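Derivation of every value follows stated rules applied to the coordinates shown; laboratory data play no part. This structure is a prediction, so every number in the text was calculated from the model and none was measured. Neighbour counts run over all protein chains shown; Cβ positions are idealised from the backbone, glycine included.
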Amino acid sequence: MEFISPTDGRLSLEETYRHIIDFIEAHPENSYKLIIGSDSQPGGDNCSFVTAVVIYRKGRGGRFFYYRDSSDNNFGMKQRIFYEVSRSLEVASRLTGFLAEEKELDEDIEIEIHVDVGENGPTSSIIKEVVGMVVGSGYEALIKPEAYAASTVADKYTG
């Protein structure tokens, strides 16, 4: 899993985590949110998937990283959304595992999963299911229009 940072280039997940910690440690007096969201774009024979990781320094901006790959375009819309959420949960779980080793930071960082579904449109029928996946995994779930990590950051890199 290779992430791309517009600032730092290509990074492993571990290097991405280290950059997140460095960002936090530069201003430990601030509050932070770690936000993960995924989006997809079907096209032709493939479907492009992007998972974005955003570290947000509340009221002071943030940084983001993204991981992109593609899969055969065998997914229906609902299957794609469930796969997006599972990708976000996988990355969140791995980052949470790293955070657990940083005892002083573990409790101080809010973690959100942004899900690319909303009340309007065809994804409205699966909101309860995907939000349930996220909440059942121990994370806060946000949907459109608040789900900017999925609907804006990840979406920008799906093409």
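Count the lysine pairs in the chain whose Cα atoms lie under 20 Å apart, taking only pairs 8 or more positions apart in sequence or on different chains.
Going through the chain pair by pair, I get 8.
Report the longest stretch of the chain that contains none of the trypsin sites (Lys or Arg not before Pro) sitting in a DSSP loop with at most 14 other Cβ atoms within 10 Å.
61-159
DSSP beta bridges in the stretch 1-143, what fraction antiparallel, as a percent rounded to 5?
Within the stretch 1-143, antiparallel bridges account for around 75 percent of the total.
What is the list of residues in the stretch 47-70 whose amide nitrogen lies under 16 Å from a point 7 angstrom out from the Cα of I111, following Cα to Cβ?
Once the point is set 7 Å along Cα→Cβ of I111, 52-56 turn out to lie under 16 Å by backbone N, inside the stretch 47-70.
Can you compute the helix-only [θ] at 222 nm over the chain? Use -39500 (n - 2.57) per DSSP H run of at least 4 residues, normalise by all residues, nearest 500 deg cm²/dmol.
Using -39500 (n - 2.57) per qualifying helix, the result is -10500 deg cm²/dmol.
Taking θ as phi - 60°, what are the ³J(HN,Hα) couplings along the stretch 149-159 by the Karplus curve (6.51, -1.76, 1.60), each to the nearest whole Hz, with x for Gly and Pro?
Per residue, the Karplus-derived 3J(HN,Hα) values read 5, 8, 7, 10, 5, 5, 4, 4, 10, 6, x Hz.
Given labels modelled 7 Å from the Cα in the Cβ direction, how far is it in nm from K156 to D8?
Placing both labels 7 Å along Cα→Cβ, they lie 1.8 nm apart.
Report Rg (one decimal) and Dmax (nearest whole number) for the stretch 2-156, counting Cα atoms only, units Å.
Here Rg and the maximum Cα pair distance are 15.2, 48 Å.
If you find the alpha carbon centre of the stretch 125-146 and of the stretch 80-101, how far apart are they in angstrom?
13
May I ask you to derive the FRET efficiency for S124 and Y83 from their Cβ-Cβ distance with R0 = 25 Å, giving the value to the nearest 0.05?
After rounding, the FRET efficiency stands at 0.85.
Can you list the GluC sites (Glu not before Pro) in the stretch 1-62 that are in a DSSP coil and have 16 or fewer other beta carbons within 10 angstrom?
E29
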